[in-house]
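Following: one structure in structure tokens, then a few remarks.
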Amino acid sequence: MLLSAPHDNRLDRIYEELRPELLRFFRRRHGSDEAAQDLLQETFAAVLRNPARLFAADSPRAYLFGVARHVSADALRRARPTEPLHDEDEALIEGGDEDPRLETMREAMAGLDPALRRLLHLRLREELSYEEIAGALNVPIGTVRSRLHYTVRRLAAAIQSNQRL
């Protein structure tokens, strides 16, 4: 599908405005300028497959960062080595030497509200900045900061109470 002239201009403006932020995001996650450039192009190629979704989004920035996260995750999956597991690796997977606090943490995280788990996922797994999370979730940055602070305190308290038992 070809874009009409007004869409071309809007897409150009969005690209120029968000390109630096997207490049920083990709550099942080992939550690290379070359990879960042490639992933930026993949992101906009994905957007061009259905540009109407970008233009219909309440926040084009949040929509683009969502696409960028998916592109980044796909690239990281493709880059993972596929070495066979060794005996010592299998022992770790079975939980032989696992830190006992991990189970407490998993239980505490499972008890969180899904919105707070998503917030943690964006910060810890996706490695998004507070600003990027605010844009992705379409909430003020102060809300992101306070919710993360509250969530971390709650998880720390759960671990502390379990260690005292």
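The values are calculated or read from the model by the stated rules, or taken from the named source; none is laboratory data. Everything numeric in this text was worked out from a predicted model, so none of it was measured. Positions of Cβ are generated from backbone atoms using ideal geometry, with glycine treated the same way; all protein chains shown enter the neighbour counts.
Assorted remarks:
- Pairs, first at pLDDT 80 or above in the stretch 73-86, second part of a helix (DSSP H, G or I) and surrounded by 10 or more Cβ atoms within 10 Å (Cβ to Cβ), C-beta under 8 Å, six or more apart: 75/30; 75/35; 75/39; 75/42; 76/29; 76/30
- Wholly enclosed helices (runs of 4 or more DSSP H) of the stretch 1-57 bearing at least 1 residues modelled with pLDDT of 90 or more: 5-30, 33-49
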